[in-house]
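This report concerns only the one structure given below.
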Amino acid sequence: MTWWRPAVQGIAVTLIAVLLVLLAWRLIDDGRGNGLAKAVAAGRTPVAPDFRLPRLDAAGTLGLSSLRGKVVLLNFWASWCVPCKQEAPRLEAAWRRWRAHGVVVVGLDAQDFRTDAGRFLQRHGITYPNVHDGPGDVLGRYGVSGFPETWFVSRSGKLVVEHVDGPLTSGQIDRDLRRASRE
Amino acid sequence: MSIRRFALLLLALVFAAPAAASELHPTLPELEHEVMCPTCHTLLELSHAPVAERMRVFIRARIARGETKSEITSQLVSEFGEGVLAAPPTRGFGLLAWLLPIAGLLAAAAVVAIVARHWRRLAVRDDASGAHGRLAPALERALDEELARYDA
């Protein structure tokens with residue numbers, strides 16, 4: 001056996017190992033958000049993935065972890081999403097009804113132009129806090145595949161109610177916020 | 001100036017002129033080919049998602065204002081992140097996407113060169129020892145016997 005043969009074999013094996021690790025990492029990372037939905041459906045209460053994003057309605061940023069001690073209704077939306085327009089007034093009404101009971105409605109606008117999102121908030125008279133995630137980096141961590149989508153976070157920062165795909169009704173919002181408040 | 005230099009300069013001008021025109025006066029189809037739809041992860045030219053239609057409106061308005069291609073793409077990057085570009089950037093982590101294929105090709109060429117050199121050296125050694133073309137003694141003996149039987 002010549003000197004170069006083990007070296008070439010070593011390089012090839014290392015390259016294949018690196019590619020396999022990258023593939024596994026990608027699969028795990030992609031599946032993480034879907035794992036949350038499965039965990040909650042199975043009755044578990046995983047910790048809500050934290051984020052800190054620039055605010056749309058005010059200066060500065062808002063982090064999910066800074067809302068510990070409050071129940072959070074986390075709503076994913078975009079200004080170009082038609083069902084989000086129907087849902088926005090219901091969320092605003094829920095915010096006004098529930099804010100005195102330790103509940104915060106947080107809107108997370110993603111894959112959207114910031115100016116469009118600002119106009120959307122003005123047009124619908126939205127007063128609850130909203131953050132902007134242009135690249136949509138947070139979506140994958142929650143397994144969000146479309147808009148609108150909503151998660152409920154308990155006071156201890158855990159996902160406690162199965163997430164809702166599509167626009168929420170007022171009845172759903174009240175029912176799920178009651179459930180989240182009990183956790 | 002020699003003819004060769006003049007030809008090179010002419011060639012450079014031929015290629016540089018359209019690139020400069022494209023940078024200063026981009027068209028919607030050009031940008032649609034270089035930008036991705038953030039929701040469907042396809043080229044903008046292939047997408048009819050609501051956000052893609054909104055991006056087209058955004059690009060058209062900027063072209064009408066006389067903005068350059070770099071200005072428009074950098075605004076799209078500031079809105080949607082670097083993932084909005086069809087080609088990875090030539091800096092930072094994106095540079096790896098450009099360098100890795102070249103490094104792979106160079107590594108493959110190096111392996112082929114080493115293996116070819118080794119084979120050539122083996123062939124030269126065989127020629128020098130005179131082993132090339134000579135049969136194994138047992139086989140040679142068997143062949144002689146076979147030929148002798150044939151002659152008889």
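The values are calculated or read from the model by the stated rules, or taken from the named source; none is laboratory data. Note that the structure is predicted; figures quoted are calculated from it, not measured. Glycine also receives a Cβ, built like all others from the backbone with ideal geometry; neighbour counts cover every protein chain displayed. Accessible surface areas use protein heavy atoms only, side chains included; no ligands, DNA or RNA. Shrake-Rupley method; radii C 1.70, N 1.55, O 1.52, S 1.80 Å.
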Shielding of B:50-56 by other chains, given as the mean Cβ count within 10 Å, works out to 4
Around A:ARG68 (Cβ within 12 Å, Cβ-to-Cβ, excluding A:ARG68; K/R +1, D/E -1) the net charge comes to +2
Hits in region A:117-131: amide N under 17 Å from the 7 Å Cα→Cβ extension of A:ASP137, namely A:131
Neighbours of A:VAL160 by Cβ distance under 12 Å: Lys/Arg at +1, Asp/Glu at -1, summed charge +3
If each K or R counts +1 and each D or E counts -1, the residues other than B:SER22 whose Cβ falls under 15 Å of its Cβ total -4
Regression test value, accessible area per residue of the protein assembly as shown, probe 1.4 Å, units Å², expected 60 Å²
A 1.4 Å probe over the protein heavy atoms gives region B:3-87 a carbon and sulfur accessible-area percentage of 68 percent
For A:LYS158, the lysines lying under 20 Å Cα to Cα, once residues fewer than eight places off in the same chain are dropped, come out as A:LYS38, A:LYS70
Shielding of B:73-83 by other chains, given as the mean Cβ count within 10 Å, works out to 3
For the A:LEU22, B:ARG60 Cβ pair and Förster radius 35 Å, calculated FRET efficiency rounded to 0.05 is 0.35
Per the C-alpha gyration tensor (a ≥ b ≥ c, the square roots of its eigenvalues), region A:52-182 is rounded if a/c is under 1.5, else prolate if a/b beats b/c, else oblate; here it's rounded
By the mean-Cβ-within-10 Å protection proxy, highest first, B:56-63, B:118-125 rank as B:56-63, B:118-125
With a Förster distance of 41 angstrom and the Cβ-Cβ distance between B:ALA97 and A:ARG119, calculated FRET efficiency to the nearest 0.05 equals 0.70
For region B:59-152, shape from the Cα gyration tensor axes a ≥ b ≥ c, cut at a/c of 1.5 then a/b versus b/c, turns out prolate
Excluding ligands, DNA and RNA, the carbon-plus-sulfur percentage of the accessible area of chain A with a 1.4 Å probe reads 58 percent
Asked for the total accessible area buried by B and A (1.4 Å probe, Å², nearest 100), one would answer 1300 Å²
Taking a label point 7 Å from the Cα of A:ARG5 along Cα-to-Cβ, the residues of region B:94-128 whose backbone nitrogen sits under 16 Å from it are B:114-123
Residues of region A:132-175 that bury at least 20 Å² of accessible area, probe 1.4 Å, when all protein chains are present rather than the chain alone, are A:GLY134, A:PRO135
